[in-house]
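The values are calculated or read from the model by the stated rules, or taken from the named source; none is laboratory data. Predicted model, so just to flag it, every value in this text is computed and none were measured. Virtual Cβ from ideal backbone geometry, glycine too; neighbours counted across all protein chains shown. When the accessible area is computed, the model is the full protein with side chains, heavy atoms only, and any ligands, DNA or RNA have been set aside. Shrake-Rupley method; radii C 1.70, N 1.55, O 1.52, S 1.80 Å.
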Amino acid sequence: MSSTGKKGSDSKIVVLGKAGVGKSALVVRFLTRRFIWEYDPTLECTYKHHTTIDEESVNMEILDTAGQEWTIQREGHVRWADGFVLVYAISDRQSFEEISNIKQNLDDIKKTNSMCVLVGNKTDLCHERKVSYMEGQNVATDMSCAFYETSASEGGEEISEFFHELHREIKRRKQVEAKPRRRSSAHQVRNVLNKMFKSPGNKQQMSPTSPTGKQQVAVPP
Ligand SMILES: Nc1nc2c(ncn2[C@@H]2O[C@H](COP(=O)(O)OP(=O)(O)OP(=O)(O)O)[C@@H](O)[C@H]2O)c(=O)[nH]1
């Protein structure tokens with residue numbers, strides 16, 4: 001455990017989006033606060049990052065994918081992940097249009113509404129903008145996820161914010177899933193009826209009988 005705070009939950013994050021939208025640039029900016037103009041486009045890399053979020057010591061694993069091809073290996077990555085950063089470039093309309101397909105693939109593989117943040121990168125190229133802020137916001141609303149615009153090259157605070165926010169969402173969902181599930185209503189009804197029939201005072205009143213004298217209350221299995 002780190003001296004910076006109590007141990008929090010860990011998270012595994014995959015960064016997805018069309019080739020060239022700036023996935024590697026965003027990850028490297030988040031991890032090192034630096035911007036490097038060129039990365040090996042075929043390189044797929046997992047980074048282990050230790051940080052503090054909300055005064056908790058946290059381990060993040062971040063997988064920076066290369067391009068967007070769906071392979072068996074990619075499906076494995078999706079199953080491995082707790083949450084996803086979906087990236088498009090505001091200067092590349094096609095990269096934005098591909099986001100819904102990516103999200104659909106994730107939900108199909110995860111068999112649930114997968115935890116995501118949507119990120120429109122390259123806001124420094126505003127003179128080449130092909131996707132408005134509102135369009136990004138609307139798609140994020142449809143996907144029930146948070147939305148950010150940013151520039152990996154300029155490096156605003158929002159880059160840390162969306163990684164941290166995704167971590168918080170992952171943590172919230174893990175907490176909900178860890179809670180014991182409520183018993184079914186049939187189970188609850190059976191318990192109530194059992195208690196009533198075991199109580200000597202209630203037995204005569206609450207236990208309907210058939211003409212043959214046999215108890216007829218159907219207690220759910
Ligand atoms: N102007 C500008 N260029 C950016 C920004 N982010 C990334 N780039 C450039 O976009 C190109 C692609 O960046 P990458 O980070 O390699 O993109 P990627 O999505 O990881 O690409 P693949 O690995 O091929 O999937 C590089 O030339 C980057 O320098 C940004 O915020 N603004």
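Here are some notes:
- Just one of the listed residues (Ser24, Ser57) is in a helix (DSSP H, G or I) and either at pLDDT 95 or above or crowded, with 17+ Cβ neighbours inside 10 Å (or both), namely Ser24.
- Restricting the range 119-144 to residues that are free of Cβ contacts under 8 Å to residues at least 40 places away in the same chain and open to solvent by less than 40 Å² (accessible area, probe 1.4 Å) leaves a set whose member that is farthest from the ligand (Cβ to nearest atom) is Ala140.
- For Ala152, the conditions (1) open to solvent by less than 80 Å² (accessible area, probe 1.4 Å); (2) at pLDDT below 95; (3) over 20 Å from the mean Cα position of the chain (by Cα) are fulfilled apart from (2).
- Among residues of the range 72-99 being touching a helix residue (DSSP H, G or I) at 6+ places or on another chain (Cβ under 9 Å) and assigned to a helix (DSSP H, G or I), the one that is most open to solvent (accessible area, probe 1.4 Å) is Arg79.
- Look at the range 5-29: where a residue is of a type in the set (Val, Ile, Thr) and a partner is assigned to a loop (DSSP other than H, G, I, E, B) and open to solvent by less than 10 Å² (accessible area, probe 1.4 Å), sitting 6+ places away or on another chain with Cβ atoms under 9 Å, you get Ile13/Ala81; Val14/Thr65; Val14/Ala81; Val15/Thr65; Val27/Ala152; Val28/Ala152.
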